[in-house]
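I have placed the structure first, in the form of C-alpha cells, so that the comments after it can refer back to it.
The values are calculated or read from the model by the stated rules, or taken from the named source; none is laboratory data. Computed from a predicted structure; not experimentally measured. Glycine gets a Cβ as well: all are built from the backbone with ideal geometry, and neighbour counts include every protein chain shown. Remember, those area values only see protein heavy atoms, side chains included, never the ligands or the DNA or RNA. Shrake-Rupley method; radii C 1.70, N 1.55, O 1.52, S 1.80 Å.
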Amino acid sequence: MSDASPFSPAAVSIRTAFSDNTDPRRAAAELASALAGPELGFVLFFCSADYPLSALGEALERAFAPVPLAGCTTAGEITPAGYGRGCIVAVGFDRGDFAIACARIADLEAFALPQAQRLVDGLLADCRRQAPPEDARPFALTLLDGLSSSEEQVLATLEAALGGIPSFGGSAGDDNRLSHTHVYAEGGFHDASAVVVMVTSRRPFEVFTTHHLRPRREKLVVTAVDRERRRVLELNAAPAAEEYARLVGRPVEALNAEVFARHPLAVRIGEAHYVRSIQRVDADGGLRFYCAVEKGIVLTAMQSAPMLEQLAGVLDGLERRLGAPALILGCDCFLRRLELEALGRVDAASRLLADARVVGFNTYGEQHQGMHINQTFTGVAIGSRG
C-alpha cells in the first residue's frame, strides 16, 4: 500500500509504502511496486520480527536490486496510515534530492574512535561521489541491535567522529518479546550490529527529540548495580523492585511493561530530564533497564502529561519552521505506545501521525546527538521546500 498520491510535486522524490502481507515475496513486491521510479536511489524499511527474516531479506534484495537497502526489526510500525503491527513500512528516496550511503558496525564492543572516523569519512565520501547539490547538508540515522547493551559506547564514539553532523536513531525491537532484535544492511539481517545511514540533501530538515513526562518530587538513589547487564540491584539501599513498587503503589508481582510505561524514572542532566526506562523485574528482585544506570545517580520519579497534545505542539512547531513536511522519520519508544494502548488513544495517535506524514517504528530505545534515551519521540522532519 502506498500513500504517494497525497504528496505535492515538490515531495515526490520521497515515497512511502507499507504492506501487511505476511508472505515475504508478496510484501516485497508490493513495496517495490509502490516505491518504483527511475531515480530511486535508496530504500529504508522497518519490519515486524514476525516475518521469516532470511526469506524477507532475500525477497527485498531481489525486488529492489540494485538499489541499496537498510532497516531493522521493530516493536511496532508507524505506517502512512498510523500505527501498524505485524507489517513492513518503507521509504524510497530519489537520487535527485538525496545522496545516501550506509555502513554496518559489525563489532560493537570493539568500536573505537579510529574506526568511527573512518566510517564517517567513508560515508561522506560516498555521498559526495553521488554529486549532491553544493548546498546539501548531512544528517545521520543510527539503527542498533536493541538488546546489545552497547548503545552508550557506540553512540558516544560515533558522535565524536560526526563532528557536529545532526544524528538520531532507534534501537531495533522484536514485537516486545525481548529475545532477538536485528538490523539490516549488506544484504542481510544481523544481530549484535549497528547500521549508520548518512543522508545529504538540500531539503530543509530538523533533527528533534521530545517527551511528555514531567518530574515529581520523589527521588531514588541507585545504591547497587550490575553495570554490565544494566541491572539495578538496590534503590535507597533497599531491594530495587521492592522500592520501586513502593514508589508506584503496586505489589512487586504486579510490575509489568504497562506500569513501567506509566511510572518512569529519569536522571537529571542540567535542566533536562532523561528517562531511564525499566525493562523487567529479575528473579532476584533487581530491575533491568534499557539504558545504562550507574551507582550513585539520583533517579527522579516522572509523571505523564497529555502525550498527544504535547506531540501535536511539537509537530506544529516543525511545520512552522520547515513548511509542510514531505516526511517525518520517527523513532517512537514502544513504552509510549503501550501507554496509548492503556489509555485507549491509539486511533487518535494514528490520525495525528498520519496527518503529519510520520513513518517509522516503535523502538527499544532512541538515540539523539550521541545520547541513548528512552520514552521519547525522536526523529527528523524533512521539509517540502527545496
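Entry remark, the range 193-227: residues being outside any strand (DSSP E or B) and open to solvent by 50 Å² or more (accessible area, probe 1.4 Å) number 2 in total. Go through the range 104-123 and report how many residues are open to solvent by less than 40 Å² (accessible area, probe 1.4 Å) and either in contact with a strand residue (DSSP E or B) (Cβ under 8 Å, 6 or more places away or on another chain) or without any contact (Cβ under 8 Å) to a residue 40 or more places away in the chain (or both). Looking only at that region, the number is 7. None of Ala185, Ala110 is out of contact with any Gly (no Cβ under 6 Å at 6 or more places or on another chain) and modelled with pLDDT under 95 except Ala110. Only one entry of Leu318, Leu335 meets the criterion of being in contact with a helix residue (DSSP H, G or I) (Cβ under 9 Å, 6 or more places away or on another chain), open to solvent by less than 20 Å² (accessible area, probe 1.4 Å) and assigned to a helix (DSSP H, G or I), and that entry is Leu335. Looking across Ala59, Ala55, Ala101, Ala34, one residue alone is in contact with a strand residue (DSSP E or B) (Cβ under 7 Å, 6 or more places away or on another chain), part of a helix (DSSP H, G or I) and surrounded by fewer than 24 Cβ atoms within 10 Å (Cβ to Cβ). It is Ala34. Taking the listed residues Thr157, Thr181, Thr200, the one that is in the same structural domain as Thr376 (by TED's automatic domain parsing), within 17 Å of the chain's Cα centre (by Cα) and among the β-branched types (Val, Ile, Thr) is Thr181, with no other qualifying.
Hey, does the range 162-173 have a residue that's among the hydrophobic types (A, V, I, L, M, F, W, C) and under 23 Å from Gln310 (Cβ atoms)? The answer is yes, given that some residue of the range 162-173 is among the hydrophobic types (A, V, I, L, M, F, W, C) and under 23 Å from Gln310 (Cβ atoms).
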